Number of protein chains: 2
Amino acid sequence: MTQAAPNLDDLIANPDGPLAQFLCFSVYSTGLAFNRLYKPLLDRLGLTYLQYITLIALSRRDDQTVKELGEALFLESNTLTPLLKRLEASDLLTRRRDTADERVVRLALTAQGREVLRKARCVPEEVLEATGMAVEELIALNDQLKALRGHLQAGAR
Amino acid sequence: MTQAAPNLDDLIANPDGPLAQFLCFSVYSTGLAFNRLYKPLLDRLGLTYLQYITLIALSRRDDQTVKELGEALFLESNTLTPLLKRLEASDLLTRRRDTADERVVRLALTAQGREVLRKARCVPEEVLEATGMAVEELIALNDQLKALRGHLQAGAR
DNA sequence: CGCATATAAATCGCACGCGATTTAATCGCA
DNA sequence: TGCGATTAAATCGCGTGCGATTTATATGCG
């Protein structure tokens, strides 16, 4: 640890300071690192990370709408529609117009979609090991990030 | 807080549990939230978030190579080359082959690049406010994320 | 009913990220 | 010196993310 600890000056008064002191960059680059860790694990199943979390989200409840899925994933139809079409083409889910409201598309996992998720059951444990951190620490980190995300969403409005 | 606190079972034995309990997802979605917060601030300068952190990284030292920049940003030439060409086309930086080693491309901000960064000086403070968290908390979170990123990189190898 | 408004999803264009490969230049070692 | 191995950057294809717009349907209010 030759690097000085970040302080208020680094974060506020010194915007051109080391990149490492930008929280946004730590979030960004940790996201890249997670993606790189997941990639080989999910390649075995033919899934991307987004496809993986989409299947998990759908496994929690049948007949979710695109809008509901988007609220769970923090994404909108411009991202989800192409993704869902690819997953439908792979026979992992079905997309059906709601008969009561033809604007709505309802999503459901296929048997094959559930089968892929079953094969993916070992993934979280493998990822957990790779974090190399204590579970309590991960839980605390998770909670802090959720709080931060909430603030950022409020601030972006 | 109606939601039960996540525990070890949720994280390990219950991989199909609520998305919110996946740390990777919190990192992912917080990254999306940061991007959405930055977008209107950086649109004023005609920059994307990646372009913004690239200029900051280059402002720290002149004549960095693409490889060195990649190590700072955790990215490789397949991502950086098109990005750098766009920034060069916007006259924000220059790309020159190293005369001593023609394989290497050296990068330097132009006067206009430094000018854009100068205009961006207020951005970190605006973002900091939007986080709605105490500076000490942000620093702790930053440190934890950097540690996590380090573990993930080691685990992905 | 009739028509403006609102809503859900889809479409389009562009900028990332990245695996895989290619091109060009340098290195290493007999 | 020569030549295979290594390295730096570029290229290519594909899957996200997202702002902006479009299409189709439903709602609300006179």
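For region B:83-99, the criterion of a residue being within 24 Å of A:Arg36 (Cβ to Cβ) and either within 14 Å of another protein chain (Cβ to nearest Cβ) or aliphatic (A, V, I, L, M) (or both) is satisfied by at least one position. Taking the criterion of being open to solvent by less than 10 Å² (accessible area, probe 1.4 Å) and touching a Leu at 6+ places or on another chain (Cβ under 7 Å), the residues of region A:38-61 that qualify are A:Tyr52, A:Ile53, A:Thr54, A:Leu55, A:Ile56, A:Ala57, A:Leu58.
Residues that are hydrophobic (A, V, I, L, M, F, W, C) and either open to solvent by 50 Å² or more (accessible area, probe 1.4 Å) or facing chain A (nearest Cβ under 7 Å) (or both) were ranked within region B:135-145; the one that is farthest from the chain's Cα centre (by Cα) is B:Val135.
What number of residues in region A:54-83 are more than 9 Å from DNA strand D (Cβ to nearest atom) and closer than 18 Å to A:Val104 by Cβ? First the steps, then the outcome.
So in region A:54-83, the residues more than 9 Å from DNA strand D (Cβ to nearest atom) come out as A:55-72.
Add one more test, that the residue is closer than 18 Å to A:Val104 by Cβ, and what stays is A:57-58, A:61-72.
Residues that pass the stated criteria total 14.
Residues in region A:98-124 that are among the charged types (D, E, K, R) and farther than 19 Å from A:Leu55 by Cα: A:Asp98, A:Asp101, A:Glu102, A:Arg103. All told, A:Arg86 meets the bar of being of a type in the set (Lys, Arg), within 22 Å of B:Tyr28 (Cα to Cα) and surrounded by fewer than 16 Cβ atoms within 10 Å (Cβ to Cβ). Tell me, please, whether a residue that is hydrophobic (A, V, I, L, M, F, W, C) and farther than 27 Å from A:Leu141 by Cα can be found in region B:124-132. No, region B:124-132 has no match at all.
Look through B:Glu129, B:Glu115 and report the one residue that is exposed (fewer than 15 other Cβ atoms within 10 Å of the Cβ), within 9 Å of chain A (Cβ to nearest Cβ) and either among the β-branched types (Val, Ile, Thr) or free of Cβ contacts under 8 Å to residues at least 24 places away in the same chain (or both).
Working: B:Glu115 fails: within 9 Å of chain A (Cβ to nearest Cβ).
Being exposed (fewer than 15 other Cβ atoms within 10 Å of the Cβ), within 9 Å of chain A (Cβ to nearest Cβ) and either among the β-branched types (Val, Ile, Thr) or free of Cβ contacts under 8 Å to residues at least 24 places away in the same chain (or both) holds for just one of B:Glu129, B:Glu115, which is B:Glu129.
Cβ-Cβ contacts under 7 Å between residues 6 or more apart (or on different chains), taken from a first residue in region B:69-90 that is at positive phi to a second residue that is of a type outside the set (Lys, Arg), are listed as B:Phe74/A:Ser29; B:Phe74/A:Leu32.
The values are calculated or read from the model by the stated rules, or taken from the named source; none is laboratory data. Source: prediction; values computed, not measured. Here the Cβ is made from the backbone with ideal geometry for all residues, glycine too, and neighbour counts use every protein chain on show. When the accessible area is computed, the model is the full protein with side chains, heavy atoms only, and any ligands, DNA or RNA have been set aside. Shrake-Rupley method; radii C 1.70, N 1.55, O 1.52, S 1.80 Å.
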